[in-house]
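Report on the following structure.
Nothing in this text is a laboratory measurement; each read-out follows from the coordinates by a stated rule. Keep in mind that what you see is a predicted model, and the values were worked out from it rather than measured. Quick reminder, even Gly has a Cβ in these numbers, built from the backbone with ideal geometry, and neighbours come from all protein chains shown.
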Amino acid sequence: MLYMIKLGLHIECYWKLKSKIHTDNFKTTCEKVKYLLEDSINRQLISDVPLCTFLSGGLDSSIITTYANKYYNKKNLPILNTFSVDYIDNDKNFVTSDFQPNSDNHYIDIMIKKLGVNHHTIYIDTPELVDALEDAMLARDFPGMADVDSSMLLFCKNVKKYATVALSGECADEIFGGYPWFFREDSLKSNTFPWSIAIPERQNLLNLSIAKKINLKEYIDYRYNESLSEVEILDFDSSETAEKRKIFHLNLYWFMQTLLDRTDRMSMYNGFEVRVPFCDYRLVDYVWNIPWEMKAYKGREKGLLRYIMEDSLPQEIVYRKKSPYPKTHNPNYLKAVKNKLKQIILDKSSPIRDLLNVNYISEILSTEGKTFSRPWFGQLMTGPQLMAYLCQVNMWLEKYEPKIEI
């Protein structure tokens with residue numbers, strides 16, 4: 001008997017979110033979320049190799065570490081190892097912003113004292129952060145999130161000396177509504193992906209002749225509307241829940257995928273595994289249908305999650321304002337990537353040079369990235385990260401030598 005095998009790429013959706021009426025009251029909702037979360041964490045703590053948790057002192061990593069520590073104590077396992085990342089001289093240069101209101105160290109200390117875990121801080125210096133931009137690009141196979149990637153790569157490389165598996169609090173913000181853009185009017189009314197609203201600035205990066213042929217806004221609008229068309233809104237949804245379903249859908253299917261890909265590639269590049277209990281499909285499926293009024297309990301980002309952890313975490317942790325993965329504020333990093341990009345632009349043989357609006361890039365360099373008054377992607381990627389990203393694009397073009405027809 002002969003069989004014909006059809007070769008090629010086949011894409012099939014194996015799971016998707018389903019909108020349905022949420023009938024549980026607030027008390028029952030809290031109990032189910034708490035059960036699903038602890039169960040997911042406990043399941044992912046099973047390992048035959050050394051395991052640890054990432055602990056930033058934020059709500060999400062503190063929840064993971066609290067339940068992991070509880071599990072370890074119950075099973076009489078050795079003391080739990082926890083890890084955080086920081087940068088040389090970051091304490092001297094930290095600058096608060098709407099997206100990164102405070103640094104982690106004070107909150108990490110609170111959790112260490114409460115749980116008695118064995119904590120390690122991995123310090124990264126500016127030169128190695130810059131040097132690792134190419135490895136981070138190679139780990140992704142394409143340009144990524146600049147030093148947000150390279151720092152994760154270096155962090156995992158160092159943690160691998162002590163453990164093989166880590167549990168991370170990633171994905172909680174996408175699932176429970178933790179990002180500023182769930183609440184900021186400029187993001188909610190942007191009619192585009194809320195983490196990348198700097199579309200005109202992006203278009204300006206392109207060489208003028210290329211910009212005439214490539215309409216970024218048109219493409220982004222197409223993808224944005226295509227995604228929103230997949231959102232199932234129920235007749236019973238309140239106007240706020242209906243609108244927020246759209247934002248949650250965009251976060252789950254786009255932003256969260258980007259971060260999961262980043263974490264997986266940066267960790268596995270080092271033979272290191274990072275698990276994400278918040279991304280358990282049972283938890284995601286249940287929380288998807290919780291009305292916004294419950295999720296944003298008391299008008300707070302991740303309000304529901306904060307409430308159910310009030311008896312388990314210190315109040316300072318429960319009500320700490322969201323602060324994302326830490327980035328370097330060391331001016332030496334800005335100086336290094338600025339010089340690196342400047343050399344690329346001055347070199348007429350640089351493959352990226354013909355793709356860029358050189359005058360606009362020169363303006364970015366002269367203002368040290370302040371041309372971009374808001375993050376050009378996510379929360380962390382401002383001027384220095386844009387410069388580093390363009391350096392990564394040039395590295396990618398040099399390494400992979402793609403043929404570009406203009």
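Given N residues in region 213-266, what is its alpha carbon radius of gyration divided by 2.2 N^0.38 Å?
After normalising by residue count via 2.2 N^0.38 Å, the value is 1.41.
Once the Cβ-Cβ distance between residue 114 and residue 47 is put in as r, and R0 is 25 Å, what FRET efficiency do you end up with, to the nearest 0.05?
0.55
In region 219-369, what is the count of Lys pairs whose alpha carbons are under 17 Å apart, counting only pairs at least 8 residues apart or on separate chains?
Close lysine pairs under the 17 Å cut-off: 14.
Calculate for the chain the 222 nm mean residue ellipticity that helices alone would give, adding -39,500 (n - 2.57) per DSSP H run of length 4 or more and normalising by residue count, nearest 500 deg cm²/dmol.
Rounded to the nearest 500, it is -14500 deg cm²/dmol.
In region 209-308, which chymotrypsin sites (Phe, Trp or Tyr not before Pro) are in a loop and have at most 12 other Cβ atoms within 10 Å, using DSSP for the loop call?
236
Taking only Cα atoms and a 10 Å spring cutoff, compute GNM fluctuations for the chain and point out the largest among 353, 300, 43.
Maximum fluctuation in the GNM of the chain, among the listed residues, is at 43.
Write out the cysteines belonging to the chain for which the nearest other cysteine Cβ is not under 4.7 Å, or none if no such cysteine exists.
13, 30, 52, 156, 391
Restricting the calculation to Cα positions, tell me the Rg (one decimal) and the Dmax (whole number) of the chain in Å.
My reading of the Cα-based Rg and Dmax gives 22.2, 73 Å.
Take every Cα pair under 8 Å in region 241-388 that's 6+ residues apart, average their separations, divide by the length, and report that relative contact order as a whole percent.
14
Using all alpha carbons of region 1-66, what is the percent of pairwise distances in each 10 Å bin, ordered from the shortest bin to the longest?
All Cα pairs, binned at 10 Å, distribute as 14, 25, 26, 19, 12, 5, 0 percent.
Say R0 is 35 Å: what FRET efficiency, to the nearest 0.05, do residue 346 and residue 222 get from their beta-carbon distance?
0.45
Quote the FRET efficiency, to the nearest 0.05, computed for residue 404 versus residue 236 with a Förster distance R0 of 56 Å and r equal to the Cβ-Cβ distance.
Rounded to the nearest 0.05, the efficiency is 0.65.
Using per-residue counts of other Cβ atoms within 10 Å, averaged over each peptide, order 15-28, 335-348 from highest down.
335-348, 15-28
Roughly what % antiparallel, to the nearest 5, for the DSSP beta bridges in the chain?
10
On a 0 to 90 degree scale, rounded to 10, what angle separates helix 256-268 from the longest Cα axis of the chain?
On a 0 to 90 degree scale, this one is about 90.
Any chance you could list the semi-axes, whole Å, largest first, of the equivalent ellipsoid that the Cα gyration tensor gives for region 144-203, using √(5λ)?
Equivalent ellipsoid of region 144-203: 31, 17, 6 Å, largest first.
Write down Rg/Rh for region 185-245, rounded to two decimals, with Rg from the C-alpha atoms and Rh from the Kirkwood relation over Cα pairs.
Looking at region 185-245, the ratio lands at 1.11.
Counting pairs of alpha carbon atoms under 8 Å apart in space and at least six apart in sequence, what relative contact order in percent does region 109-258 give?
About 17 percent, as a whole number.
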